[in-house]
Every structure is written in C-alpha cells, then in structure tokens.
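Down below is the structure, laid out as structure tokens.
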Amino acid sequence: MSGTSAALQPPADAVKPVRHPDAPVPGELLGAHYEHCFGCGDGQPHGLHLQARAGEGVSVTADFTVKAAHQGAPGLAHGGILATALDETLGSLNWLLRVIAVTGRLETDFVRPVPVDTVLHLDAEVTAVHGRKIYSRATGRIGGPDGPVAVRAEALFIEVKVDHFIENGRPAEIQAAMADPDQVRRARAFEVNP
C-alpha cells in the first residue's frame, strides 16, 4: 500500500504470528461468527454473506459477490461495502490465532471500480503481533486469485476480553449470544466487531 500510516507499521520487536494448534485446518470453511453480522451472517438479507476459508499459516481467503443492494454509483460496488468485505476478511484471521480482537484501524486503497455481479476474491494474512496488537493486510481481486487488484487494506486489530462486548453491546443481543448452548458459537459471536 502506498502511504501506510505509522500506526500500521509493526514495531521492531513485533513477532511473527503463530497459528493456534486448535485453529481450523487449511481449506476449512470458517463459517459465520455471528448470525446477525452484516459481513458474514445469514441473518442479514442484504449482508455480504462472506465466507472465509482457513489458509496456510495465519491466512484466510474469501469470496464476495457484489449484489445490486451493494451499489454506490450505478452498477458499481459502494466503497464502504468493499471496506466492510476487507474488514470482515481481516477479522476472520483472529479465529486462526484463537483470540477475540476488534478493528483498531483500517486503511483501504481503492485501485479500480468493482461492478455489480463481480466476484471479489479476498486474501488476508496476519503479518506481525506485538502484545495485544495484531497487524494484518488483505487484497481483493476481481474474478479470482489471479484477477486484477481492485482493493487493498492494512489493519491493526486489538485483542480484547469478552467484557468489551458485554459492557458496550445492546443487552438483548449480548444475552442471546451468551445463552447459546454451543460453546464455539458463543465464543465466536464476540470475535471481530468493534
């Protein structure tokens, strides 16, 4: 990315990310972390319905089909929707580290327009970890992994405890998520949203 801010540059003593031993295996579909998430949940009729797959190391891939409901200009994806797709893909990386983290900073470069009905292929990886800070980057390509680059992002995620969500979220949704008998779904509900 050109002109990345200093806040997204890992310090010299940052460490290489380490995939958690219990992380999903490469190729495994990660699934929605929360049914009502605009990025990945099935409970959002106009959501992105993004599906991420675990990659090698601490990386994921995802495909997102731009629908008419995602337009900004006539026939083109809204830039905010593209940023959301990048953010969702980057947030999925935290499941491979098995930490709860929220977006602290996201810088996006829009390289070319993305037409409606385009499949945007997203690749993301964690580049470094420093304490609670997780540095990552993603690229979105039109039509597949070898297509032209349309969008790029670099991000800083901050590891948090589940209390972050309990103290700041709307009580009805927090209580419903906490009551889920499925331990994995309960943990994943609090995975990526700020």
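The values are calculated or read from the model by the stated rules, or taken from the named source; none is laboratory data. Given the structure is predicted, the values throughout are model-derived calculations rather than measurements. FYI the Cβ positions are ideal-geometry reconstructions off the backbone, even for glycines, and counts take in every protein chain you see. Surface areas here come from the heavy atoms of the whole protein model, side chains and all, with no ligands, DNA or RNA. Shrake-Rupley method; radii C 1.70, N 1.55, O 1.52, S 1.80 Å.
Projection of the Cα convex hull of region 30-121, averaged over all directions and equal to a quarter of that hull's surface, yields 6.0 nm².
Counting only Cβ charges, +1 for Lys and Arg and -1 for Asp and Glu, the dipole size of region 1-92 around its Cα centre is about 200 debye.
Between THR65 and PHE110, the FRET efficiency estimated from the beta carbon spacing at R0 = 25 angstrom works out to 0.85.
From most to least packed by mean Cβ count within 10 Å, the peptides 143-151, 26-34 give 26-34, 143-151. Here the accessible area is traced with a 1.4 Å probe on the protein chains. For region 1-134, carbon and sulfur cover 52 percent of it. Could you list log10 I(q)/I(0) for region 5-84 at q = 0.14, 0.20, 0.23 Å⁻¹, which the Debye formula gives when each Cα is one point scatterer? Listed by q, the Debye log ratios stand at -0.67, -0.98, -1.05.
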